[in-house]
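These notes concern the structure reproduced below.
The values are calculated or read from the model by the stated rules, or taken from the named source; none is laboratory data. Everything quoted here is computed from the prediction, not taken from an experiment. With ideal geometry, Cβ positions are generated from the backbone for all residues, glycine too; neighbour counts draw on all protein chains shown. Areas reflect the complete protein model, heavy atoms only, side chains present, ligands, DNA and RNA absent. Shrake-Rupley method; radii C 1.70, N 1.55, O 1.52, S 1.80 Å.
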Amino acid sequence: DTGLYYDEYLRQVIDVLETDKHFREKLQTADIEEIKSGKLSRELDLVSHHVRTRLDELKRQEVARLRMLIKAKMDSVQDTGIDHQALLKQFEHLNHQNPDTFEPKDLDMLIKAATSDLENYDKTRHEEFKKYEMMKEHERREYLKTLDEEKRKREETKFEEMKKKHGDHPKVHHPGSKDQLKEVWEEADGLDPNEFDPKTFFKLHDVNNDGFLDEQELEALFTKELEKVYDPKNEEDDMVEMEEERLRMREHVMNEVDINKDRLVTLEEFLRATEKKEFLEPDSWETLDQQQLFTEDELKEFENHISQQEDELRKKAEELQKQKEELQRQHDQLQAQKQELQQVVKQMEQKKLQQGNPPAGPGGELKIQPPGEHKAGDAPQHPAGGDQPLPPGHVQEPAVRTDQVHP
């Protein structure tokens with residue numbers, strides 16, 4: 001894994017290009033300068049149609065992935081107006097102006113971005129590890145502040161004892177030296193140390209038989225050295241530090257051996273390195289526990305930065321709490337208004353029933369039977385003085401009151 005955020009896209013593009021016989025031959029014969037200069041990218045016009053189609057598909061998928069990442073990031077800061085096209089400019093491994101097809105420019109940009117990012121990868125990793133170590137020390141000191149004097153002294157004593165125990169380990173051979181490689185030859189390969197042969201060693205550890213020792217194959221050579229210093233069962237041994245130690249060993253060997261800086265070691269480069277004085281009489285190797293990774297001033301600056309971040313987060317949390325309380329207040333107010341309206345409607349319904357008025361329908365309309373319409377089974381009634389319309393010209397006589405007596 002290159003560690004790049006577009007690692008999968010990079011690997012997929014390479015895999016697809018290598019399915020084209022013409023391009024694969026060009027790739028195998030090209031040197032690193034031809035690749036970096038963009039000369040190889042121009043060969044893309046000669047690959048087969050189905051390869052170009054697959055590359056187009058890969059690019060569309062990568063653009064969609066980047067847009068999704070942008071949206072997720074913008075949503076996290078509540079930014080509603082997202083200009084994907086403008087934000088895609090920050091990604092330098094593809095041509096954002098043409099999101100649908102994979103062109104020679106895309107291959108050129110991918111190669112140059114990967115080359116540059118990989119060159120800066122180790123530097124960035126060093127900075128991240130330094131922050132990790134400073135955070136560990138910061139948290140340790142903050143924890144000590146919470147203890148009384150007696151417990152604090154016990155913790156300080158325990159810390160010094162663990163530090164001393166971790167530093168008490170066998171000698172670590174200089175990575176890439178004859179002594180270090182001979183130890184792998186004897187203990188890992190099970191061969192006679194007196195018969196150590198660099199050429200045979202190279203072929204044994206070129207696991208995929210591609211004629212190179214890549215970074216992963218090199219890192220595997222340092223396992224025996226790391227086991228002298230780190231044990232996952234020991235409380236005093238930090239496995240994050242072990243991996244950083246491994247990467248620093250690989251980085252050191254690459255700087256010493258990889259002449260053309262293509263992050264691959266050829267047999268010729270390897271054999272040439274075994275002829276150097278450093279291979280036979282190397283300097284002693286300082287492990288991480290023997291190095292000062294940061295100064296007190298750097299730690300103080302780091303802690304100030306953490307404090308500022310905590311203050312900003314605290315203010316943000318207070319603002320969000322106020323917003324939450326305001327939304328809850330508005331919610332409660334709306335609920336109270338809703339209950340009041342429901343109560344008023346209920347009272348009006350009851351009042352209508354008491355007055356003999358028909359109840360209102362769901363929309364507030366009165367449920368009155370239109371004249372001339374009757375329910376099924378109802379017989380028409382025409383009582384005297386009823387509401388039935390009279391024939392034309394007929395005058396209705398007044399109803400006789402039964403409580404009056406006429407002579």
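For ASP7 and GLU243, the FRET efficiency from 1/(1 + (r/R0)^6), where r spans their Cβ atoms and R0 equals 22 Å, is about 0.80. Each of MET249, GLY176, SER284 was scored by the projection of its Cα onto the charge dipole of the range 147-294, and the greatest displacement toward the positive side belongs to SER284; charges sit on the C-beta of Lys, Arg, Asp and Glu.
Largest to smallest in accessible area, the residues MET68, MET242 fall in the order MET68, MET242 (1.4 Å probe, all protein chains included). For LYS316, the shell of other residues with beta-carbons less than 13 Å away shows a net charge of -1, using +1 for Lys and Arg and -1 for Asp and Glu. Placing +1 on each Lys and Arg Cβ and -1 on each Asp and Glu Cβ, with no other charges, gives the range 147-294 a dipole about its Cα centre of roughly 220 debye. For the range 173-246, the per residue solvent-accessible surface stands at 50 Å², with DNA, RNA and ligands left out and a 1.4 Å probe. Annotation for the range 249-311: trypsin sites (Lys or Arg not before Pro) lying in DSSP loop with at most 15 further Cβ atoms inside 10 Å of their Cβ are LYS261, LYS276.
Between THR124 and ALA220, residue separation times 0.36 nm minus the direct Cα-Cα distance comes to 32.3 nm. Using modelled backbone amide H atoms (1.01 Å from N, in-plane), which distant-in-sequence or interchain residues come within less than 5 Å of PHE102's amide H? For PHE102, whose amide H was placed from the backbone, the distant partners under 5 Å are ASP56.
Mind jotting down the distance between the C-alpha centroids of the range 94-121 and the range 207-238, whole Å? Computed from Cα coordinates, the inter-centre distance equals 32 Å. Selection among PHE129, GLN97, VAL51 by position relative to the dipole of the range 18-176 gives PHE129 as farthest towards the positive end (Cβ unit charges, Cα centre). Remark: the range 6-114 carries a charge dipole of roughly 120 debye about the Cα centre, counting +1 on each Lys and Arg Cβ and -1 on each Asp and Glu Cβ. Please go through the residue pairs LYS136/LYS199; LYS73/LYS324; LYS130/LYS164; LYS136/LYS178; LYS39/LYS276; LYS130/LYS151 and name each one whose alpha carbons sit more than 32 Å apart in this structure. Too far apart for the 32 Å limit: LYS136/LYS199; LYS136/LYS178; LYS39/LYS276. Whole-Hz Karplus values for the range 260-267 come out as 8, 6, 9, 6, 9, 10, 7, 4 Hz, taken residue by residue from phi with 6.51 cos²θ - 1.76 cosθ + 1.60 and θ = phi - 60°; glycine and proline positions read x.
Net length available on complete extension from LYS346 to SER48 is 99.6 nm, with 0.36 nm assigned per residue and the Cα-Cα distance removed.
Measuring r between the beta carbons of ARG60 and GLU92 and using R0 = 22 Å, the FRET efficiency lands at 0.75. In this calculation the C-beta distance from GLN354 to LEU327 is compared with R0 = 51 Å, giving a FRET efficiency of 0.80.
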